[in-house]
Amino acid sequence: MSAGNEASRPAGGPASPAEGYPAPASPDDAARNPAQVSFWLLEPVADAAMTYFYAQLFTMDTEIRAMFPAAMDVQRRRFFAALSQIAAAQEGHGNRDRLVPYLRELGRAHRKFGVRERHYEVFRRALLATLQRFAAPSWNETAKHAWETAFNHAAGVMIDAAKDDETESPAWWIATVTRMELRGPDIAVLTLEPEQPLTYLPGQHISVQTPHWPRLWRTYSIANAPRPDGLIRLHVRAVPGGLVSPVLVHQLREGDPLVLGAPAGAMIADTQSARDVLCLAGGTGLAPVKAVIEALISAPGPGRHREMVLYHGARRHQDLYDLRALREMEEAYPWLQVIPAVSDEPAHDVMYGTVPELAAKATCADRDIYISGPDHMIVRTARTLMERGAHRRLIHYDLDPKVTQGP
């Protein structure tokens, strides 16, 4: 029910790799949530359980196998992450309601894989068979009913979201690379032209598939606000050992095609606010923040110019790959201040420190705050800002589902 991610973005895509999972706060919580209890039993044998699940799935319906990439390691972790979200949300309808936006995003994203309503029943059978085998000590009629209820709720939300999305947009877009800019040894800025209009909000991300790796999707943030010409830009870092990102950085050429999935993500520019703005970005996490700033600059003014401060942190000077463009934005909009910083080498003409360290020095009171970068950086930065008095409701970011303990 979920597909791969090699993100050059801060935010979580439809379903992302997970290494840690939430636990109820007390035995009473566990008693109220038998689905969570059986899920705990999968945790020590997660890889074996997910291998068994997909073996069952592909045996039950051979058509489903064609939806998945040949390499399934990332896929198994992603599906386990989705299960962790579903299991943890079964304690009360309020928690389930909070899960709905995540499930709707999953449902829309699964259109690009060719998932149909009938496939969910096969997933359900394979999942129950897996739980019965690997959660045997707690598997009884109560646990089975809890998981059937949880799965039916999740599947229903996803199916409805896919149907709604089908009336508004295609399952995927074909885009052509119109410009390829190498900004460093392992960073590229891609400009893409979708064949059909692709509607998105500033700060959102899309999934990308290259013909080099069919059925393998990776998620990247869109680095510009919507433009009249429909062009979109992506900032991509080649991940060592990755499959898709090295192709995008080192092998892609102008004129090459890419397949794009539906836009998603909750870190969206608040163009109606009159508050000043603080942005903090690490590495290629700059992409969605840059789109947010573009949207805020071009939005109708609230009666005064909004002051904006952008801290862009990187390990090395060469990783400040978009500094020239940021300086141009700064010059065009005098109320924007760009503050670059490095953390792994001596600072020359820039600040020194990590993004959370920069947050400890930033003015954050009564500002709209946007944070983007690796998950651990986002969590530390948000905590730092709240300790300094920033309001939680004014802090905007996206996290992969693997980050189970927020700031």
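Derivation of every value follows stated rules applied to the coordinates shown; laboratory data play no part. Model, not experiment: these values are computed from the prediction. Methodologically, a virtual Cβ is constructed for each residue, glycine included, from the backbone with ideal geometry; neighbour enumeration extends over all protein chains shown.
Each label point was placed 7 Å from the Cα along the Cα-to-Cβ direction; for Glu195 and Thr142 their separation is 5.5 nm. Using a Förster distance of 30 angstrom, determine the FRET efficiency expected from the C-beta separation of Gln132 and Arg65, and round it to 0.05. The computed FRET efficiency comes out at 0.85.
Of the labelled figures [x] 59, 57, 56; [y] 65, 50, 42; [z] 54, 53, 42, only one reflects Cα extents along the principal axes in Å as derived from the coordinates, namely [y].
Other residues with beta-carbon under 11 Å from the beta-carbon of Thr51 carry, at +1 per Lys or Arg and -1 per Asp or Glu, a net charge of -1. Would you please state which residues of region 189-203 a label at Ile174 would reach in this model, taking the label point 7 Å out along Cα→Cβ and a backbone N cut-off of under 16 Å? Within reach of a label on Ile174: 193-198. The GNM of the chain, with springs linking C-alpha atoms under 10 angstrom apart, assigns the highest mean-square fluctuation among Gly389, Gly265, Gly156 to Gly389. For region 368-374, the Karplus equation 6.51 cos²θ - 1.76 cosθ + 1.60, evaluated at θ = phi - 60°, returns couplings of 6, 10, 10, 10, 8, x, x Hz by residue, with Gly and Pro reported as x.
Between Arg383 and Ala332, the simple label model (points 7 Å from Cα in the Cβ direction) yields a spacing of 3.8 nm.
Can you tell me which of 185-191, 290-296, 54-60, 311-317 comes out highest on packing, and rank the rest after it, using the mean Cβ neighbours within 10 Å?
On the way: 185-191: 19.0, 290-296: 24.4, 54-60: 16.6, 311-317: 22.0.
The most tightly packed comes first, giving 290-296, 311-317, 185-191, 54-60.
In this structure, the amide hydrogen of Thr178, modeled 1.01 Å from its nitrogen in the peptide plane, lies closer than 5 angstrom to those of Thr191, Leu192, Glu193, Gly255, counting only residues at least 5 positions away or on a different chain. From its DSSP helices (H runs of at least four residues, each -39,500 (n - 2.57)), the chain gives a residue-normalised ellipticity at 222 nm of -11500 deg cm²/dmol. 3J(HN,Hα) along region 256-273, derived from phi through the Karplus expression 6.51 cos²θ - 1.76 cosθ + 1.60 where θ = phi - 60°, amounts to 6, x, 9, 10, 10, x, 5, x, 7, x, 10, 7, 10, 4, 8, 7, 8, 6 Hz, with x in place of Gly and Pro.
Counting only aspartates and glutamates at least 8 places from Lys144 when in the same chain, those with an alpha carbon closer than 20 Å to its own are Asp28, Asp29, Glu43, Glu91, Glu121. The magnitude of the dipole of region 52-176, with charges of +1 and -1 set on the Cβ of Lys/Arg and Asp/Glu and taken from the Cα centre, is near 340 debye.
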